[in-house]
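Asks: Before I ask anything, let me first share the structure, which is written out below as structure tokens.
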Amino acid sequence: MRVLVAGASGFVGGRLCPALEEAGHEVLAMTRNPGRYTGAGQAVHGDVSDPASLRAAFADADAAYYLVHSLDSTDFQRRDAEAARAFAGAAAEAGLSQIIYLGGLGDDTDELSDHLASRREVERILASTSVPVTVLRAGIIIGHGGISWELTRQLVEHLPAMITPRWVSTRTQPIAVADVIRYLVGVLGHPEATGRTFDIGGPEVLAYRDMLQRVADLEGRHLLIVGVPLLSPRLSSYWLALVTDIDTRTGRALIDSMTNEVVVRDASIRSLIEFDPMGYDDAVLQALAERSA
């Protein structure tokens, strides 16, 4: 298939494009600066904030991946909704057969954070046209360069002890980025994946506290974690900005989401795309090895 990837130069997109080529697909890597793009696929100009540019980008495409977000913006909800609306409209106008979107895990009956609620809104907008949408919902993705993973790694490596808020006890189901890519490639053109939403995760459900401790153990570091229930999200985001290179706005959005349990509720994708997802320790070791390579 001829596949457009929006977000081709990002953490997931930069891995997805070569994987799609290896699977035999022709990749159109959408970027605002084609002359600077050095990744896999053919660079094509396109900007989700410029609907006119999308019409040319979608020319001759059969399907598209949407891997775009604006977490570093103060009004990311509005910007993400407008971008998704422009993307969905252009995809419908071009007659695409499928849009694949990587969203976020979280129980719809829960009071979702602004970040996760925005991901749900993007799902609805993408699905509002005639183009069938396949949604993969993931929690923390473990891999070198991923924001959530970098947050975890830098906290462990920069602090021998942590005073942490309540979110360290929240459960999540981390997944290796390599497994996310396998699922993303696997649902492309799959008749049983069209128009469906799937939860994806690794084999283990862990509290954030456990994730931090296991990274410390794998790196041979001693880590003391002391919970402080009244530490607010705002103060937590300032704390993260102080000890990591995650900016305050992104840190605040991530911390707000960490109050929501993000675990797989429906594992039906496992019968559709059959493989054994990587365990947490192996995913961490792979991320550390990639960083040191």
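The values are calculated or read from the model by the stated rules, or taken from the named source; none is laboratory data. If you're wondering where the values come from, they're calculated on a predicted model, not measured in any experiment. Positions of Cβ are generated from backbone atoms using ideal geometry, with glycine treated the same way; all protein chains shown enter the neighbour counts.
Asks: Checking the structure you have, find out if any residue of the stretch 240-248 is charged (D, E, K, R) and modelled with pLDDT of 65 or more.
Replies: Filtering the stretch 240-248 down to residues charged (D, E, K, R) leaves 245, 247.
Add one more test, that the residue is modelled with pLDDT of 65 or more, and what stays is 245, 247.
Scanning the stretch 240-248, I find at least one residue that is charged (D, E, K, R) and modelled with pLDDT of 65 or more, so the answer is yes.
Asks: While we're on this one: Could you pull out the residue among Asp217, Asp179 that is more than 23 Å from His25 (Cα to Cα) and either in a strand (DSSP E or B) or not basic (Lys, Arg) (or both)? Working first, answer last.
Replies: Numbers: Asp179 fails: more than 23 Å from His25 (Cα to Cα).
Going through Asp217, Asp179 in turn, the sole match is Asp217.
Asks: Identify all residues within the stretch 176-210 that are hydroxyl-bearing (Ser, Thr, Tyr) and more than 18 Å from the chain's Cα centre (by Cα); write none if there are none.
Replies: Just the residues of the stretch 176-210 that are hydroxyl-bearing (Ser, Thr, Tyr), to begin with: 183, 194, 197, 208.
Residue satisfying the conditions is Thr194 alone.
Asks: Going by the conditions given, is Ala92 surrounded by fewer than 18 Cβ atoms within 10 Å (Cβ to Cβ), in a loop (DSSP other than H, G, I, E, B) and aliphatic (A, V, I, L, M)?
Replies: Details: surrounded by fewer than 18 Cβ atoms within 10 Å (Cβ to Cβ): yes; in a loop (DSSP other than H, G, I, E, B): no; aliphatic (A, V, I, L, M): yes.
Answer is no for this residue.
Asks: Go through (1) surrounded by fewer than 17 Cβ atoms within 10 Å (Cβ to Cβ); (2) closer than 15 Å to Ser148 by Cα; (3) at pLDDT 65 or above one by one and return the number of the condition Met258 breaks.
Replies: Single failed check for Met258: (1).
Asks: Separate question: Scan (1) without any contact (Cβ under 8 Å) to a residue 12 or more places away in the chain; (2) in a helix (DSSP H, G or I); (3) more than 18 Å from the chain's Cα centre (by Cα) for the single condition Thr38 breaks and write down its number.
Replies: That leaves (2) as the condition not met.
Asks: Here's something else I'd like to know. Scanning the stretch 188-216 for residues that are among the β-branched types (Val, Ile, Thr) and surrounded by fewer than 21 Cβ atoms within 10 Å (Cβ to Cβ), which turns out nearest to Ser268 (Cα to Cα)? Talk me through it step by step, then tell me what you get.
Replies: First pass over the stretch 188-216, keeping only residues among the β-branched types (Val, Ile, Thr): 194, 197, 200, 205, 215.
Then drop every residue that is not surrounded by fewer than 21 Cβ atoms within 10 Å (Cβ to Cβ), which leaves 194, 197, 205.
On the way: Thr194: 14, Thr197: 10, Val205: 17 Å.
Filtering first and then ranking leaves Thr197.
Asks: Please tell me if Ala283 is modelled with pLDDT of 90 or more, exposed (fewer than 14 other Cβ atoms within 10 Å of the Cβ) and closer than 27 Å to Asp110 by Cβ. Show your work before the answer.
Replies: Working: modelled with pLDDT of 90 or more: yes; exposed (fewer than 14 other Cβ atoms within 10 Å of the Cβ): no; closer than 27 Å to Asp110 by Cβ: yes.
So Ala283 fails the test.
Asks: Consider the stretch 261-286. How many of its residues are assigned to a helix (DSSP H, G or I) and either closer than 15 Å to Thr197 by Cα or touching a strand residue (DSSP E or B) at 6+ places or on another chain (Cβ under 9 Å) (or both)? Before you say what the answer is, go through the steps one by one.
Replies: In the first step, residues of the stretch 261-286 are kept if they are assigned to a helix (DSSP H, G or I); the result is 269-272, 280-286.
Imposing the further condition that a residue be either closer than 15 Å to Thr197 by Cα or touching a strand residue (DSSP E or B) at 6+ places or on another chain (Cβ under 9 Å) (or both) reduces the set to 269-272, 280, 282-284, 286.
Selection size over the stretch 261-286: 9.
Asks: Looking only at the stretch 156-171, decide whether some residue is touching a Pro at 6+ places or on another chain (Cβ under 6 Å), outside any loop (DSSP other than H, G, I, E, B), touching a residue at least 12 places away in the same chain (Cβ under 8 Å) and acidic (Asp, Glu).
Replies: There is no residue in the stretch 156-171 that is touching a Pro at 6+ places or on another chain (Cβ under 6 Å), outside any loop (DSSP other than H, G, I, E, B), touching a residue at least 12 places away in the same chain (Cβ under 8 Å) and acidic (Asp, Glu).
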